[in-house]
Every structure is written in structure tokens, then in C-alpha cells.
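Below is one structure; the comments refer to it alone.
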Amino acid sequence: MRRLTDNWRSTTARLILIYGAFFALWGVLVIGAIHWQAASYLSRVSDDLIGRQVNYFSMLDEPTRQIALSDYVSLETRRLNAWGLFDAKGAPLGGTIKALPKEVRVNGPVVVLPDGLSRTDGDDHGSVRAAAVRLDDGRILLISRDTSIVDRIGAIIFQALLWGLSLTVVPGLLGGWLLTRGPLRRVHAIREATLPIMRGDLAQRLPVSRRGDELDMLAGIVNAMLDEIERLLGEVKGVCDNIAHDLRTPLTRLRARLYRLQQQFDDDSGENESLEACMVDTDALLDRFRALLRISELENQHRRAGFERVDLVEILHEVHALYLPLAEDRGQQLELQLPALPPVQADRHLLLEAFSNLVGNAIKFTPPGGRVDIAARSADDGPWVDVSDSGPGIPVDQRVAVTRRFYRVESCRSTPGSGLGLSIVSAIARLHGFTLEVADGERGARLSIHCAVADIS
């Protein structure tokens, strides 16, 4: 099932997110630079203005200064300007400022007072800029101007940044999500198309749209490759099947002639024993050719139409009853442990053949007095059937190879066999969409078939 987060794992989504992150970072840098330049410029203008004003007021005579200071406050409708007159010790003598701030140096530069000034008119503003000058008579004149407008400009620029980012990021995220839906939908369609190919149905092809974009070009290349692979495998398979089919007839005739020739000799004669050995070898060859043709039949994928709901417990009980006498003859224990299992969609005869092959192999490679266990377990995605033995086991580096045709583990080459049993089991598992797993058991090897619940149509 596709999750919502899958949309953001695509290359398109990642490129959009990277571009959006770079754009947002660059926007922050640009707006920050604009804010810094604007604030610096306004601060310099305010400092220059306050410095000029305080120098101007200091040069006026007392009556003119009083009128000018009164106009300095009254002409500013928002009451941003303020002044104060203090004696030489800093005691207030008049004006709208109650106290001389400690941060202000007389005849010094303009300073910023973030906490504002204490005023007599009751208007407490934010940060202000102030400068003080000593008059000719020793008194101190303090001039200030509220500069919170600079901070306000910074806030406006920051809000503009947020709106600009929202107008870019939000449509970018929405557009990125919409842009990734189409390609992801096509990728999931390609993945669904590859599942039958992975199960061996080379006649399937990847879907190609009329867009002619990169995905279609890639699908076309893969389809051309599948055409060539199907042709080559078909030729190889056809040659192998024809050889196996054509040799069955002369081998069958050879066995019949050997049998008729054997009837002409006494049972205890040396000729009879030699002919019997020849017939055994001929039967082994016929069994191998029959197994090869059987694997080819299973790989044709034409038996799925006969699938039905089958009971695994019933099949495994049947396999246990079939192989129990053989295990007892070899002095082995053949144990069966089965919980309740849900039915699976399968071909009953093929599953019986697969489990019979697994149990037969386990008995063959388990030494006399050993133990073979048939067990099953339930899982959310389908039941597991395990066949464990106390034999020599299968090396880790050969667990994939043992499912190939004619492959045999080096330590088991002295045991009679053709190396086709697990190939048949693997072909049956692939036909059903099941999984054959080779692992270590408690004492030897454990071969498991996972009867996964999947759409195998």
C-alpha cells in the first residue's frame, strides 16, 4: 500500500524541497540585508538630525530657545520629540523629560536608549535616541527623538519576508506534491508489472504511455531487453526440452531391450546382474529427463487456472503418512506438528509434490537414527511450512545454488540423486507466488515454504 510519505521520496520532490530551501535561505539573507541597510540609514539620519538640533538649540538665546523647544514638541503631532533642561548636577528644571539618563554623556555622541525616557506628558515610547549639551550658563539641555519607527520598519520587512516565503513555499509544496503524483503512479504501475516477470512470466512487459518521457524511454529499453531475454531463454529451453523429449524414446526402447535380454539368463547368473545394473542406470536417466520436462511444464505458468482453496493441514498429514514407513525402515523419527492453518489458493497436487520432495530429501540425507520434523506456523502474510532434519546441513554459500538444476552439495555427491528435487520445489513455489527458504535448523538443515497471500494472476 502506498503511503503519503512516498510522494516526498521521489527525485522531483527532493529537487523541489532543495530549491525551496535555497530560495528561503536566500530570501532571508536578502531581506536581512535590506533591513540592515534601511535601519542603518535611518539611524544615521536620526543621529545626524538630533546632533544638529541639540547644537542649534544650544546656540540660541534663552527666550528664543524656549520658543524653539516648545515648537520642537508641539509641531510633532505624534509626540515623538522630547526635551529636558537640567542644572549642572542633573536636577530637572523644565521640559517633558523628568530625569537625565545615566547613559547620556554631556557633549557626547547620540546614544540609543532601548527602554525609553521618563516623561512628564505620560507618553512612554519605545527605544529613543538622545543627546545632551552643556549650555553657557552650566545647565544641561537634553534632546531626544523616538526611533521606534526604525524597529517598526524592521517588523514590516520581516512580515514581508514571511508573506513572501509563504507565497513561495506553500504553492511550492503543493505543486511538488502534485508533480510527484503522476510519476509515482507510473512507477508503482511499473513495479506491479515487474512482479509477474520476477515470478518467471517473461511474456509480461512494462507499461509505456504516450508521453515519451524518461520513464517511457526506460520502460522501452527494459521491454526490448525482455524481448531478447525471452527469445534466448526460449531457444535454450526449447533445445533442452527437445533433447530430453527425444532421448526418452530411445532410452525407453533400450530399457525394454535390456529387460528382454535379461529374461534369457538365469537369475543368479553374472550376465543377469550386469543387465540389472544397466537397467538401473537407464531408469536413472529416464527419471532425470522426466524431471527436466516436469520443471519445464511448471515454468510455463499455465496451471494457475486450476487453483483452488486447499487445506495445508490435510496435505501435510498425507505426506507424513506416505513417508512414515520409509523413515521407520531407516530407523528415523518423522514427527508432525501442525497448528490450525488457513486455506491457501493453490494446486493441491503440486503442493503435495513439493512437500513430498522436501520430506523425501530430508529422509534421504538424514543418517539412520536421525530425526525429520514437519512443522507449520501462522503469519499475517501467510502460513509457513518447515521441514527440518538432523543431516549434514547446507552451507550458507550454497543455499541459493541448491535450487538450480543438477546442483548438488559437495558433501552429498556420494548419495544417489540427480540434483533436480529442489529445482522442482522451487518451480512449484514460483508458480504459486510462494517463497522457498533454505536455512539452518536446530540440528541440520531447515527448508521452508512461505505460502504468502498474494495476487498471482
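What the table shows:
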| item | result |
| --- | --- |
| Flag for Asp61 being farther than 24 Å from Ser148 by Cβ, out of contact with any Ser or Thr (no Cβ under 9 Å at 6 or more places or on another chain) and at pLDDT 85 or above | no |
| Per-region count, region 233-252, residues of a type outside the set (Gly, Ala, Ser) and either surrounded by 12 or more Cβ atoms within 10 Å (Cβ to Cβ) or modelled with pLDDT of 75 or more (or both) | 11 |
| Residue under evaluation Leu431, criteria (1) at pLDDT 80 or above; (2) not small (Gly, Ala, Ser); (3) not in a loop (DSSP other than H, G, I, E, B), criterion not met | (1) |
| Filter result for the condition that a residue is in a helix (DSSP H, G or I), surrounded by fewer than 19 Cβ atoms within 10 Å (Cβ to Cβ), of a type in the set (Gly, Ala, Ser) and at pLDDT 85 or above, over Ala321, Ala375, Ala305, Ala362 | Ala321 |
| Region 164-182: number of residues that are modelled with pLDDT of 70 or more and farther than 19 Å from Phe22 by Cβ | 0 |
| Ala284 being at pLDDT below 85, surrounded by 18 or more Cβ atoms within 10 Å (Cβ to Cβ) and touching a Ser or Thr at 6+ places or on another chain (Cβ under 8 Å) | no |
| Those strands (runs of 3 or more DSSP E) lying entirely in region 73-137 with at least 2 residues more than 60 Å from the chain's Cα centre (by Cα) and at pLDDT 80 or above | 81-86, 92-95, 128-134 |
| Tally of residues being under 60 Å from the mean Cα position of the chain (by Cα) and over 30 Å from Ser423 (Cα atoms) across region 248-288 | 0 |
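The values are calculated or read from the model by the stated rules, or taken from the named source; none is laboratory data. These numbers come from a predicted model, not from an experiment. When we count neighbours, we look across all protein chains shown, and the Cβ atoms used for this are built from the backbone with ideal geometry, even at glycine.
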